[in-house]
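Beneath this line is the structure, given in structure tokens, with notes to follow.
The values are calculated or read from the model by the stated rules, or taken from the named source; none is laboratory data. Note that the structure is a prediction, hence the values are computed from the model and not measured. Here the Cβ is made from the backbone with ideal geometry for all residues, glycine too, and neighbour counts use every protein chain on show. In case anyone asks, the SASA skips ligands and DNA or RNA and just uses the protein heavy atoms, side chains included. Shrake-Rupley method; radii C 1.70, N 1.55, O 1.52, S 1.80 Å.
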Amino acid sequence: MDDIKARISAGVARDLPGMAPHLRAWVAAHLVEPRLIDAWEDSDGLVPMGPMWLVTDHTGQQDACMRVIFDPRNQSFGLVMGREGEVSWFWGSGEGFAEAVNDI
């Protein structure tokens with residue numbers, strides 16, 4: 001678990017300096033301590049994708065419709081859609097942290 005958190009931290013630290021100032025500010029406000037969430041292949045929550053690491057979350061201010069995750073199977077960042085208590089619909093991975101944030 002600590003190894004995955006270290007990979008997430010390294011990816012964020014690597015990509016953050018090259019991001020536009022407004023995106024860095026958004027990340028600073030929405031970045032969370034990585035934690036496992038269940039992600040689903042479909043919006044109805046019928047086809048599980050397995051656990052993903054949540055990297056950004058909603059704060060109630062300037063929230064995006066998507067959140068950044070880290071996919072441990074692909075060792076890459078990606079996106080899920082859905083608010084807390086709703087199905088976290090997996091939108092794919094295979095990107096770096098900056099690309100995932102830009103895709104929101």
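Worth a mention:
- Kirkwood-Stokes translational diffusion coefficient of the range 2-104, alpha-carbon pairs, 10 °C, 1.306 mPa s, µm²/s: 118
- Dipole of the chain, positive direction: furthest Cα of Gly94, Ile104, Met19, with charges on the beta-carbon: Met19
- Probe 1.4 Å, protein heavy atoms only - accessible area per residue of the range 29-84 in square angstrom: 50
- Angle between the chain longest axis and helix 21-30 axis [Cα atoms, degrees, rounded to 10]: 50
- Entry note, the range 43-104: relative contact order of 29 percent, from Cα contacts under 8 Å with a spacing of 6+ residues.
- Cα centre as origin, Lys/Arg/Asp/Glu Cβ charges: the chain dipole, Debye: 380
- Among the GluC sites (Glu not before Pro) found in the range 4-104, those both in a DSSP coil and sparsely packed, with 15 or fewer other Cβ atoms within 10 Å of their Cβ, are Glu41, Glu84, Glu86.
- On Cα atoms only, tilt of 2-15 relative to the major axis of the chain in degrees: 50
- The chain, relative contact order [Cα under 8 Å, separation at least 6], %: 24
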